[in-house]
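A quick write-up on the structure given underneath.
Values in this text are rule-based calculations from the coordinates and carry no lab data. All values reported here derive from a predicted model rather than from experimental measurement. As a convention, Cβ positions derive from the backbone with ideal geometry for all residues, glycine included, and neighbour counts pool all protein chains shown.
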Amino acid sequence: MSKVIPQLFSDVPLFILIILDEKEIFAEKIRALVSRSEARDLYDVWILLNKKVEIDKKLILEKLKEENKRLSDLKLPSKEEYTNNLKQLVSFVPSYEQVKKEVLELIKKIK
């Protein structure tokens, strides 16, 4: 997929970026969350979930299979890890309990 970036300044030429589709990003973020249990991955999955990005169950399961992982391998970061890591990355850290609850509900739907 590609995206044309609008020109904000007349002296900057038009350019095109090649980007991942949002469904692909979502699948990759779930794979990352299952594989490495990082606070930023939990946060990113939650953000994509709240953006109402389409969930492609088949694609998610394919991504996990590539690494011999399953959704049951999911290990979430602790509340302390979540808070300490995210406060360095974002201005507002959403409630760990809420994020965890919503992401776990999503995981149940995918299984």
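Summary of the geometry: region 94-111 and region 1-23, compared by the centres of their Cα atoms, lie 33 Å apart. Between 0 and 90 degrees, the angle of helix 39-50 with respect to the longest Cα principal axis of the chain falls at about 70 degrees. Placing one equal scatterer on every Cα of the chain and applying the Debye formula, the log10 ratio I(q)/I(0) at q = 0.10, 0.17 Å⁻¹ is -0.36, -0.83.
The phi torsions of region 85-94, fed into the Karplus equation with coefficients 6.51, -1.76 and 1.60 and a -60° offset, translate into couplings of 6, 6, 5, 7, 10, 10, 6, 10, 9, x Hz, rounded to whole numbers, with Gly and Pro shown as x. Three semi-axes describe the equivalent ellipsoid of region 59-111; taken as square roots of 5 times the Cα gyration tensor eigenvalues and ordered largest first, they are 25, 13, 10 Å.
A simple packing score, the average count of other Cβ atoms within 10 Å per residue, orders the peptides 51-64, 6-19 as 51-64, 6-19, with the highest score first.
Spin-label model, residue 81 to residue 20: label points 7 Å out along the Cα-to-beta-carbon direction sit 2.0 nm apart. Ranked by the mean number of other Cβ atoms within 10 Å of their residues, highest first, the peptides 98-108, 26-36 come out as 26-36, 98-108. Can you pull out the chymotrypsin sites (Phe, Trp or Tyr not before Pro) in region 77-110 whose DSSP state is coil and whose Cβ has at most 16 other Cβ atoms within 10 Å? The qualifying sites are 92.
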